[in-house]
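Asks: Here it is: the structure, laid out below.
Values quoted throughout were computed directly from the atomic coordinates according to the rules given, and no laboratory measurement underlies them. Since we're looking at a predicted model, the values are computed, not measured. Every residue, glycine as well, gets a Cβ built from its backbone with ideal geometry; the counts of neighbours run over all protein chains shown.
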C-alpha cells in the first residue's frame, strides 16, 4: 500500500509506565499505571508547540498515520485533520494523543491486570472522573517535558476533557478547542446511556463484569449498546439520504416470505458487531457513567461563568447544525459562559447533514475553521 504524502506515515504506539501515584476522585490511588499514546511531529526547542488531542468515547491513541503499509490498512481516526499541511499541522505542532486510563486499548483499564491481585481488573477498576484523565495527562506532559500545551483539542467527550483541563491547569493551556460538546449531559443523553448499559448487563455472557475470567464475551449486549449510541450520532437527514427505506434483503411482493431487512438495520448491525469485537464492555459502562456525572460547573455553585473565570486559555467552540446529541444550543451555553467570564472566544456553527459524527468528517468549512484558528497560534517563543 502506498501511504499518502500528506500523512504522518508509519507510526508506532508508545507505552509508558507512570510510577507517580495518581490519587483518583473516588479516593482510591493508582500507585502506577500504563499509558499508551502516539506522537506526530517534533517538539521544538522552546517546547511550546505541543498539542494534546483528547479522544471521544470509542476513540483511542491512534489518531493519524498507519501502523503498517499492508494492503487495506486503515489510518487513524482523525487522519483527515492531523498531518503535514493539514488543519493540525505536524510540520508546526508536536501532537500527543493518549488513550485514557480506564480505556481498553493498552492503557490501564478494566481489561488489564490489577497488580494487587494479579488478575484482570474487570468491574473492580476504580470509578473515574474527567479530572482523573486530566491529571494523568498532566503527568504524561511532565514526562515529555511539556510545561504548557499550545492547544488542547477535543470533540464530544474529548471536548469535556479539554474544558476540564482549562480549569484544573489554567496556566498549562494556551488555547482550547471545544468541538461538538457540552458542559453536562441532558436527561435524554443520560437515558440513552442507561439503555446502552442495560443492554450490556442483560447479556448472560456479561457475568457481572467478570467475562474475561470466564473466557466469554457479552458481544450481543455490547453490539446493541453501540447500535443505540450510534443512532444518536447520526442525523435524520443523513439516514434518509444514505439509507432511506431501501431493503437489504427480502421483498414487499405478495407471496414472498423471505425476511425483510432494511439497509439501516444492516448498517447498524455491522457497526455494532464490529465494535463488540474491539471494545471492552466494562470500559463502556465506566465511561458512560463518567459522562453522566460530568458537570463542569457543579463545584462552582453550578455557575458556568464562575467556572470559566478560572480559565486563562483562548477558546474556539465548534458545533454542527444537525447534531442532536450535543446540539448547537449546548455550544451556545459554553460560548455565553465564556463571554460572561470575559474569556477570549471564537465560535462557528457548521451547516451539515452529518449530525454528531460531523466532528470526525472533513467538512471543508469545519477544516478551514480549525486551520485558520490553529494557524494563528504562535510557537517558538511567541504567544
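Asks: When the Kirkwood radius is taken over all Cα pairs of region 162-241, what Stokes-Einstein diffusion coefficient follows at 25 °C and 0.890 mPa s, in µm²/s?
Replies: On the way: Rh = 15.6 Å.
Diffusion coefficient, whole number: 157 µm²/s.
Asks: Give me 344, 48, 171 sorted ascending by neighbouring Cβ count inside 10 Å, so fewest comes first. Show your work: numbers first, answer last.
Replies: Values: 344 13, 48 21, 171 9.
Placing the least packed residue first, the sequence is 171, 344, 48.
Asks: Largest first and in whole Å, give the semi-axes of the chain's equivalent ellipsoid, each being the square root of 5 times a Cα gyration tensor eigenvalue.
Replies: On the way: eigenvalues 209, 135, 100 Å².
Ellipsoid semi-axes (Å, largest first): 32, 26, 22.
Asks: Now a separate question. Given the chain, what percent of its DSSP beta bridges are antiparallel, to the nearest 5? Mind dumping the intermediate values first?
Replies: Working: 16 of 42 bridges.
If we restrict to bridges inside the chain, about 40 percent are antiparallel.
Asks: What's the FRET efficiency of residue 195 with residue 2 using the Cβ-Cβ distance as r and R₀ = 45 Å, to the nearest 0.05?
Replies: Values: r = 43 Å, r/R0 = 0.96.
In this case the efficiency is close to 0.55.
Asks: Something else now. Take the alpha-carbon centre of region 158-199, take the same for region 73-101, and report the distance between them in whole Å.
Replies: 21
Asks: Which value in deg cm²/dmol, rounded to the nearest 500, describes the helix-derived mean residue ellipticity at 222 nm for the chain, given -39,500 (n - 2.57) per DSSP H run of n ≥ 4 and division by the residue count? Don't jump to the answer; show the numbers that get you there.
Replies: Numbers: 10 runs with 123 residues, N = 383.
That comes out to -10000 deg cm²/dmol.
Asks: Using only alpha carbon pairs under 8 Å that are at least six residues apart, calculate the relative contact order of region 318-373 and give it in whole percent.
Replies: On the way: 55 pairs, mean separation 24.4, N = 56.
Relative contact order comes out at 44 percent.
Asks: Something else now. Would you mind listing how long region 331-378 runs along its three principal axes, going by Cα atoms, in whole Å with the largest first?
Replies: 32, 28, 13
Asks: A further question on this structure: For 131, 226, 298, 330, what ranking results if the residue with the fewest other Cβ atoms within 10 Å of its Cβ goes first? Before the final figure, lay out each step's value.
Replies: On the way: 131 17, 226 24, 298 13, 330 20.
With the sparsest Cβ surroundings first, the list reads 298, 131, 330, 226.
Asks: Restricting everything to alpha-carbon atoms, can you work out Rg to Rh for region 19-176 with a Kirkwood hydrodynamic radius? List each step's numbers first, then the result.
Replies: Values: Rg = 15.8 Å, Rh = 16.3 Å.
So for region 19-176, dividing Rg by the Kirkwood Rh gives 0.97.
Asks: Starting with the fewest neighbours, write out 186, 232 ranked by other beta-carbon atoms found within 10 Å of each beta-carbon. Mind dumping the intermediate values first?
Replies: Working: 186 15, 232 19.
Fewest to most other Cβ atoms nearby, the residues stand as 186, 232.
Asks: Per residue and in Å³, how big is the convex hull formed by the alpha-carbon atoms of region 110-195? Numbers along the way, then the final one.
Replies: Values: hull volume 10.5 nm³, N = 86.
Residue-normalised Cα hull volume stands at 122 Å³.
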